[in-house]
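What follows is one structure encoded as structure tokens, with my remarks underneath.
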Amino acid sequence: MYFSYKQDTAGYGWTGGHDVVGAPEPKTSWFFAEGCTNDNFDEYVCVGNPGSQAASVTFTFMLENGPPRPTL
């Protein structure tokens with residue numbers, strides 16, 4: 001995925017890209033290690049759908065100081 005992150009009219013921001021290794025087999029549940037936890041950082045998760053039908057995906061964030069919080 002390539003991105004242009006928080007570019008504004010003054011030229012602030014940056015561009016970049018990343019790649020991911022595909023999963024060896026499909027599953028209905030996955031656990032990911034923590035991502036970047038820096039202040040002012042937006043976390044992105046790359047999800048692929050090899051099927052021909054739309055997929056419904058729910059992410060549940062497990063917070064250090066509270067119960068899990070589902071986010072769609």
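Each residue of the range 55-65 was assigned a 3J(HN,Hα) from its phi angle through the Karplus curve 6.51 cos²θ - 1.76 cosθ + 1.60 (θ = phi - 60°); the sequence is 10, 9, 10, 10, 9, 10, 8, 9, 8, 4, 10 Hz, with glycine and proline shown as x. In the context of the full protein assembly, Phe3 retains an accessible surface of approximately 70 Å², using a probe radius of 1.4 Å and ignoring ligands and nucleic acids. Using the Cβ-Cβ distance between Lys27 and Lys6 with R0 = 30 Å, the FRET efficiency computed as 1/(1 + (r/R0)^6) comes to roughly 0.35. Once the Cβ-Cβ distance of Asp39 and Thr60 is raised to the sixth power relative to R0 = 22 Å, the FRET efficiency obtained is 0.45.
The values are calculated or read from the model by the stated rules, or taken from the named source; none is laboratory data. Note that this is a predicted model, so its numbers are computed, not measured. All Cβ positions, even for glycine, are placed from backbone atoms using ideal geometry, and neighbour counts span all protein chains on display. SASA here: full protein model, heavy atoms, side chains in, ligands and nucleic acids out. Shrake-Rupley method; radii C 1.70, N 1.55, O 1.52, S 1.80 Å.
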